[in-house]
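Below is one structure; the comments refer to it alone.
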Amino acid sequence: MEKKVILVTGGSGLVGKGMETIIKSDKREDEDWIFLSSKDANLLSKEDTFAVFEKYKPTHVIHLAALVGGLYAHLGNNCDYFRSNVKMDDNILEACHQNKVKKLVSCLSTCIFPDKTSYPIDETMLHNGPPHPSNAAFAYAKRMMDLQNRKYNEEHGCMFTSVVPCNVFGPHDNFDPLHAHVMGALINRAYQAKENGTTFEIWGTGAALRQFIYNLDLAKLFIWVLREYTEVDPIILSPNAEDEVSIKDVAMMILEAFDFKGEVQFLTDKSDGQLKKTASNAKLRTYLPQFQFTSTRQAIKETVQWYIDNYHTEHIRK
């Protein structure tokens with residue numbers, strides 16, 4: 001039996017930790033899983049990247065490492081987001097090619113799709129127009145992953161592909177209110193407001209609509225893609241379009257999970273970002289029609305409980 005050595009970059013982050021949790025109960029005898037963190041290698045360095053490939057000799061790679069952040073982290077930092085992600089992704093792709101990795105699965109995001117478009121968006125629409133200006137640099141950097149996947153396949157026969165998740169959240173998320181995505185930031189603010197008896201603030205009007213996926217659900221789907229998916233074309237990993245919820249509704253679910261009874265204020269002078277980016281999971285459903293997603297309400301409840309239980313530990317990024 002040929003052993004698969006599966007290297008996961010960004011293994012200590014939100015999706016990587018979810019994958020590590022799932023693998024504990026779904027590990028196969030022919031698989032060795034290695035979860036890398038930024039402490040193991042600086043993937044912005046070509047030398048470090050190639051050294052870690054030489055050390056572990058992976059046959060398969062899941063590339064999760066990226067410079068990421070929420071709306072307010074992107075504003076004013078677009079140069080860093082573009083340069084860092086392009087450099088990191090290029091190092092990983094070339095290392096996979098040079099080391100004859102059998103399969104690479106990279107992580108994109110629905111936030112990289114065109115801003116002006118019809119809905120729901122699907123995999124064929126990725127390059128159909130400019131992304132929302134608030135995260136344009138990150139979006140263009142990640143779009144290049146799709147382009148490079150195709151070119152490595154055409155020129156070298158590499159099996160490089162990518163997945164496109166919607167908004168991910170769950171245990172091990174980034175909860176820093178200035179740098180986190182919306183779910184992590186709201187959970188942090190709700191905790192602080194309850195602990196300190198202060199007003200719970202929602203930045204923006206709360207009208208923006210989003211699809212959310214629990215990190216444990218995404219982990220299961222990522223593992224399926226690694227094992228079973230054979231297309232170079234990307235695949236959207238998202239709950240059904242009708243499961244889309246407003247940021248206001250998400251905030252109320254979080255307050256319910258905290259049993260928060262205090263004052264709530266919308267800071268309408270803050271940006272809402274992109275108001276809508278509904279994604280179609282029709283392609284995913286052709287492969288996995290029966291896959292059951294955790295409801296947003298239940299996933300929020302579990303994430304809030306994990307946050308409370310771990311608030312005073314090193315596991316929380318706040």
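Which of the residues belonging to the range 107-148 are in contact with a His (Cβ under 7 Å, 6 or more places away or on another chain) and not in a loop (DSSP other than H, G, I, E, B)?
Cys107, Ser134, Asn135, Phe138, Arg143
For the range 169-199, name all the residues that are under 24 Å from Ile213 (Cα atoms) and open to solvent by 30 Å² or more (accessible area, probe 1.4 Å).
His172, Asn174, Asp176, Pro177, Leu178, His179, His181, Val182, Arg189
Name the helices (runs of 4 or more DSSP H) wholly within the range 222-318 that hold at least 2 residues that are over 30 Å from His127 (Cα atoms)?
The helices (runs of 4 or more DSSP H) meeting that bar are 247-258, 296-310.
Pull out all pairs, ordered by first then second residue, where Cβ-Cβ is under 8 Å, the residues are six or more apart or on different chains, the first lies in the range 264-291 and is small (Gly, Ala, Ser) and at pLDDT below 90, and the second is in a strand (DSSP E or B) and buried (at least 16 other Cβ atoms within 10 Å of the Cβ).
From the range 264-291, the pairs are Ser271/Trp203.
Across the range 149-166, what is the number of residues that are part of a loop (DSSP other than H, G, I, E, B) and under 15 Å from Lys103 (Cβ atoms)?
Of the residues in that region, 3 qualify.
Given the criterion part of a loop (DSSP other than H, G, I, E, B) and of a type in the set (Asp, Glu), identify the matching residue among Asp176, Asp217.
Asp176
Table: residues versus (1) assigned to a strand (DSSP E or B); (2) modelled with pLDDT of 95 or more; (3) under 20 Å from the mean Cα position of the chain (by Cα).
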| residue | (1), (2), (3) |
| --- | --- |
| Glu47 | no, yes, no |
| Phe50 | no, yes, no |
| Pro58 | no, yes, no |
| Val61 | yes, yes, yes |
| Gly69 | no, no, yes |
| Tyr72 | no, no, yes |
| Gly76 | no, no, no |
| Val86 | no, yes, yes |
| Ile92 | no, yes, yes |
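Could you check Phe53 against (1) surrounded by fewer than 19 Cβ atoms within 10 Å (Cβ to Cβ); (2) in contact with a helix residue (DSSP H, G or I) (Cβ under 6 Å, 6 or more places away or on another chain); (3) among the aromatic types (Phe, Trp, Tyr) and say which number it fails?
(1)
Test each condition in (1) farther than 13 Å from Pro171 by Cα; (2) at pLDDT below 95 for Arg297 and report the one that comes out false.
So Arg297 meets the others, but not (2).
Taking Ala241 as the residue in question, decide whether it is open to solvent by 30 Å² or more (accessible area, probe 1.4 Å), of a type in the set (A, V, I, L, M) and under 18 Å from Phe212 (Cβ atoms).
yes
Before we move on, is Asn99 touching a residue at least 60 places away in the same chain (Cβ under 8 Å), farther than 19 Å from Arg210 by Cβ and open to solvent by less than 70 Å² (accessible area, probe 1.4 Å)?
In short, no.
Are any residues in the range 132-157 farther than 17 Å from His181 by Cα, touching a helix residue (DSSP H, G or I) at 6+ places or on another chain (Cβ under 7 Å) and surrounded by fewer than 19 Cβ atoms within 10 Å (Cβ to Cβ), and if so, which ones?
Within the range 132-157, Tyr140, Arg143, Met144, His156 meet the criteria.
Quick one: Phe160 ticks every box in (1) free of Cβ contacts under 8 Å to residues at least 24 places away in the same chain; (2) open to solvent by less than 10 Å² (accessible area, probe 1.4 Å) except a single one, so which number is it?
(1)
The values are calculated or read from the model by the stated rules, or taken from the named source; none is laboratory data. These numbers were taken from a predicted model, which means no experiment stands behind them. Using ideal geometry, Cβ is built from the backbone for each residue, glycine included, and neighbour counts are taken over all protein chains shown. Remember, those area values only see protein heavy atoms, side chains included, never the ligands or the DNA or RNA. Shrake-Rupley method; radii C 1.70, N 1.55, O 1.52, S 1.80 Å.
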